[in-house]
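The values are calculated or read from the model by the stated rules, or taken from the named source; none is laboratory data. Worth saying up front: this structure is predicted, and the values here are computed from it rather than measured. Glycine gets a Cβ as well: all are built from the backbone with ideal geometry, and neighbour counts include every protein chain shown. Accessible surface is based on the protein model in full, side chains and every heavy atom, while ligands, DNA and RNA are left aside. Shrake-Rupley method; radii C 1.70, N 1.55, O 1.52, S 1.80 Å.
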Amino acid sequence: MSTADIRQNHGNDHLEDKSANFVEPNICECHVRDGARQKEQADQPKGRLTDDCQKKFAANGYHGVSLAALAGEASVSKQALLHFFGTKQYLYSEVHSAFVDRQFAEIEAAKQPDPVMHLKAYFNRLKGSNFLRPEDARLTVRALLDVRENSKVCPVKAYLDRLIEISRGTPVGQHTSETEMRSQVFQLIGAIQYFPFP
């Protein structure tokens, strides 16, 4: 597509070939970049609110914090939180979604061919990150505590399932029941939270 076509189709009369080295933009790429940039800008306030509210959820759990307290932590009105998230439950799920994304990135960064070494590398990274973001570990423990027996949703299930999947590849994991494996992963996460050794 030529510059003239772009001008004609998009009303961009300001686009002129002013140099011999001018490279005509691919209009599709421009729209994709602009769309991504707009989404990133729109997500920035939402991301900041999610980070701010994570501290309260980590300290008090879902049932121990009100929407007003969350708004206070984020220095916004309750209406602003509801504008971005709709409900406290959705905000809670967004907080956990951001956490799970960070943990999946850490699991990938720690990847080793041997599952035992992979888990060791990941949990060492987790210990280190707890000093930078201690609310992450508390949030995980809170999520486990907040799940009721009749609840069908565990906000960190995908993260825990990934750790259990890696654990299944270990010699011990191959001979351990699902319940025992889950219990061991939960205990290790809890131990790292309550005994953060350097």
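Which residue, of ASP17, ASP5, ASP43, ASP51, is assigned to a loop (DSSP other than H, G, I, E, B) and either at pLDDT below 50 or open to solvent by 50 Å² or more (accessible area, probe 1.4 Å) (or both)?
Checking each option against the conditions leaves just ASP17.
Scan the stretch 164-172 and tell me whether some residue there is in contact with a Ser or Thr (Cβ under 9 Å, 6 or more places away or on another chain), open to solvent by 30 Å² or more (accessible area, probe 1.4 Å) and on the phi < 0 side of the Ramachandran plot.
Within the stretch 164-172 (the criterion being in contact with a Ser or Thr (Cβ under 9 Å, 6 or more places away or on another chain), open to solvent by 30 Å² or more (accessible area, probe 1.4 Å) and on the phi < 0 side of the Ramachandran plot), the answer is yes, since at least one residue qualifies.
Quick check on ARG125: is it over 23 Å from GLY169 (Cβ atoms) and either open to solvent by 30 Å² or more (accessible area, probe 1.4 Å) or in a helix (DSSP H, G or I) (or both)?
Judged against the criteria, ARG125 is not a match.
Provide a single number: the residues in the stretch 74-122 that are acidic (Asp, Glu) and open to solvent by less than 70 Å² (accessible area, probe 1.4 Å).
Keep residues of the stretch 74-122 that are acidic (Asp, Glu), which gives 94, 101, 106, 108, 114.
Still in the running and open to solvent by less than 70 Å² (accessible area, probe 1.4 Å): 94, 106, 114.
Within the stretch 74-122, residues that are acidic (Asp, Glu) and open to solvent by less than 70 Å² (accessible area, probe 1.4 Å) number 3.
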